[in-house]
Every structure is written in C-alpha cells, then in structure tokens.
Amino acid sequence: MRAFAVAAVLVAVFGCAEPPERSPPLPRRVPAMRPVFSPPAGFTRLRLGLVPFLSPETMSAAHQELAEYLSKTLGVPVEIVVGDTYGNAIDRLAAGEFDLVELSPLAYAHATRRVKLNCLVQTIADGSATASGYIFVRDDSSRRTLEDLRGGTIAFVEPMSTTGYLYPRKLLRDRGIDVDKDFAKVEFLGNHEAVLLAVAEGRVDAGSTYQGAFAALKRSKGIDPLTFRVVAKTLRTPRDILCVRPEVPEEVAQAISEALLVLTARDRAGREILGPLNVNGFRTVDDSAYDEVRRVAAELLPAP
C-alpha cells in the first residue's frame, strides 16, 4: 500500500510514467555570417569566373553550393562562368565579364600582367595553403622513375597550368630531362581530368596533375585513385587565389572575404559547401605569395 502511495505521488508530480517524447532534431547549423548585407546601388549580380582546370561541368557542379551561399550572403544572384580555356578565362576577366574570379597560381601570375586585381583569400586543402604537383603513370606501368619516362608519351594540362605543366617541366629539367626533346610525343589536353583519363585509358604513358586530382576524379567519374602511381612530386606551390576586379565595390569585396573566411570543414554546413571543392577553408593572402611562381615562369617559359 505504501509503495502504491509513493508511486501515485511521483505520477502526480512528474506526470505519467511513460518516457518523455524526444525533442525534434535541431535545425542544420549554418556557418556564422555577418549581419544582413544590403547590396549597394547598382550592384545586382555577382559573376564568379573560373579557370577550367577540370571539365566545365565538374567545375560548375563543384562551385554550385558556394555560389548559393554567396548569393544568400550578398543578397544578389551569383552566376558561375567557366572559361573555355585558361587564356579565355583571363581574356574575359580583362574584358570585365567577371567580378569575382578563382585563379590557379600561374593563371593568376599571367592575369596580373593585364588586369589589376584585389586579392581576397587563398584556398586551404589537406590542411595547407600549398600543394605538390604529381608526375604519374598507370599503376600497371613498367615505368617507375622519371628516367624511365624518356622516349615515352606524356600529357600536360596546358601551358598556363602550374602543376599541370610549369612545375613538372621544372622538375624534369632539374633531373636532366628536356620536355621538348626527350619524349616521343607531348600533348596538352586542356584540363586535369582529361590528363588523368588519358593515362587511365592507356593513350599516353604519363601525365602531370595537381595533388587533389585523384580524389576529384573519383568524385566525378568513380575511378579509383589506386589506378595511378605517382612517379615524382614537384616543389610545393601556393594554392588557388580568389580576387575581385577593382570596380567591385569595397563593401562587396569585404562581405565576400568575411563570408569565405568563416567557412570551415570542421562543421557540417561548411563541409556541404567546401566538400565539392575539396578544400578545408580559406585564409587571407597577398600578391607576394605568388612571386616564386612568377620567377619559375620567367625561367622556363617564353615571355607572353
């Protein structure tokens, strides 16, 4: 009887004895953002220009979440525009067709010869703002060293690619291998994805690419990175840079920088935006970070 009385008191105080319902799940966390941004008069859209270091379709898809995030931050539509080639992207930038542009290191060095740009941020991936390039073969290839590549065929991305041409060329030259004389055939295929596919399909013996290319190819084409074997790594280079033209209002440039700098792969919302780009986040940067790329280009490439 006493036990029954105690139970009755507990029910009266705490309600029924059934377990309480679970609280509804918390809403998805979003990256910290500055207060609502009011676009300045006349600023009605942001054109994001991209160099096609992967296929245009892959580039557009990878940047879609970022474009939507910037659109919500700035309060204007963001249009993704991928250049037909590296040179075409720079031509369009010089013609004023882009507002915000993402450039690989050598493309940035070339662009700044023609266009004044305001540096905003640099990408970080694999925990670093620098990266190596790779010279690689198919995993079943009998060619295992740079010396073994002599007399074979090799594919590069294009002459304005940092890890897809400039730094691999430097590495080969430093090892006594002349790109213009020591290969049976040299091809430029336009983007890193095309180079990887050419090696994977056996159309060339070797290729050059950037550090994250194998992972990018797995995401876009489902090809196992173990299909390839790295023969040599280049010196490290700075990663890509995002800049605006001087005509972009200062408050817009500031809002873009702040929006990018708060993104981090440490939280789910950040990963949804950054994951397709294969980056961890962004950091501030200035033009001098690309001086070494300019020096190597002046040493190895003809003046534009």
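Sorting 68-81, 198-211 by average packing, meaning the other beta carbons within 10 Å per residue, from highest down gives 198-211, 68-81.
Largest GNM mean-square fluctuation among LEU217, LEU242, LEU106, using the chain with Cα springs under 10 Å: LEU217.
Around the amide H of PHE228, modelled in the peptide plane, lie the amide H atoms of ASP139, all under 5 Å away and 5 or more residues distant in sequence or on another chain. Of the listed values (i) 0.96; (ii) 1.30; (iii) 1.01, grab the one calculated as Cα Rg over 2.2 N^0.38 Å from the structure here. Checking each listed value against the structure points to (ii). Counting only DSSP beta bridges with both residues in the chain, the antiparallel share comes to about 65 percent.
For the chain, the number of Lys pairs separated by eight or more positions or lying on different chains, with C-alpha atoms closer than 26 Å, is 7. Over the chain, dividing the summed -39,500 (n - 2.57) contributions of all DSSP H runs of at least 4 residues by the number of residues returns a 222 nm mean residue ellipticity of -10000 deg cm²/dmol. Each Cα pair under 8 Å and six or more residues apart adds its separation to the average, and for the chain the resulting relative contact order is 26 percent.
No lab work stands behind these numbers, since they all come straight from the coordinates. As the structure is a computational prediction, the values presented were derived from the model and not from experiment. Methodologically, a virtual Cβ is constructed for each residue, glycine included, from the backbone with ideal geometry; neighbour enumeration extends over all protein chains shown.
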